[in-house]
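Inspection log for the structure reproduced underneath, given as structure tokens.
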Amino acid sequence: MDVPPLLPGHRSFDALVFDLDGTLVDSHAVHRAALREVFARHGLSVPATAGEPEGIAFTDWAARLVHRGLLPKDLPVRGLQQEIQRAVLGRLAQVREVPRVVAMARWAQGRVPTAVTTSSSRGTAQAILLATGLRGLFDVLITREQVMRGKPAPDLFLLAATVLGAVPARCLVFEDTESGLYAAGRAGMRAVDIRPHRSR
């Protein structure tokens, strides 16, 4: 099998690290719908200036908005997070893989150690990987609960490198958000922005 074109310059790397939502799977719309459904249930709305919590954990996103005064201080963040997770799980049939990125992961299987890193909870990530038939492709799954800081901090990627036994500079990251690409750079890893390839 030829080396997929997403591998820059056909260079060799000691480990490949894949973001999940928006990179391996097209799931941002599912997460957005779940967020808005749960917020509406509680009489809340996503502030127009807040943006969507893509690439970062809901808890981190909500904490920032509370700090900025865009959401109430008594917001039940953990409870809302659990409701959003359940709403996402109810929409798993809508999640689809991103073909070119998944092709890269399939090529890497048995050739290069691989990890999935995600700002989602472990339960949600495992459910998405199982629903899309992708769980068996990867050696390691690293989720937000395992690190002190989420993206744009480099913690998720650095932990993935440690678990895979790879030097960060020899890891290649596949990402689809600015916060994720920035986090990869802070980890000292090279990164591929998959957004131009998502619809191909």
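The values are calculated or read from the model by the stated rules, or taken from the named source; none is laboratory data. Predicted model only: the values in this text are computed from it and were never measured. Here the Cβ is made from the backbone with ideal geometry for all residues, glycine too, and neighbour counts use every protein chain on show.
For first residues located in the range 92-110 and closer than 14 Å to residue 29 by Cα, partners that are part of a helix (DSSP H, G or I) and lie 6+ apart or on another chain with Cβ distances below 7 Å form the pairs 92/127; 92/128; 92/131; 94/30; 95/30; 95/128; 95/131.
Selection within the range 160-169: residues that are aliphatic (A, V, I, L, M) and touching a residue at least 24 places away in the same chain (Cβ under 8 Å). The member of this set that is nearest to residue 19 (Cα to Cα) is 160.
Here residue 83 passes the criteria (1) within 30 Å of residue 169 (Cβ to Cβ); (2) among the acidic types (Asp, Glu); (3) in contact with a Lys or Arg (Cβ under 9 Å, 6 or more places away or on another chain); (4) modelled with pLDDT of 90 or more except the one numbered (1). Quick one: would you say residue 22 is at pLDDT 90 or above and either at positive phi or outside the structural domain of residue 131 (by TED's automatic domain parsing) (or both)? In short, yes.
Looking only at the range 112-124, how many residues end up being within 21 Å of residue 145 (Cα to Cα) and either modelled with pLDDT of 95 or more or β-branched (Val, Ile, Thr) (or both)? Matching residues across the range 112-124 total 6.
Residues checked against (1) touching a residue at least 60 places away in the same chain (Cβ under 8 Å); (2) surrounded by fewer than 21 Cβ atoms within 10 Å (Cβ to Cβ):
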site: 115; (1), (2): yes, no
site: 119; (1), (2): yes, no
site: 130; (1), (2): no, yes
site: 136; (1), (2): no, yes
site: 146; (1), (2): no, yes
site: 174; (1), (2): yes, no
site: 197; (1), (2): yes, yes
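Restricting the range 128-144 to residues that are assigned to a helix (DSSP H, G or I) and in contact with a helix residue (DSSP H, G or I) (Cβ under 6 Å, 6 or more places away or on another chain) leaves a set whose member that is farthest from residue 109 (Cα to Cα) is 131. Take the range 176-192 and flag every residue that is among the charged types (D, E, K, R) and either buried (at least 22 other Cβ atoms within 10 Å of the Cβ) or within 13 Å of the chain's Cα centre (by Cα) (or both). Selection gives 176, 178.
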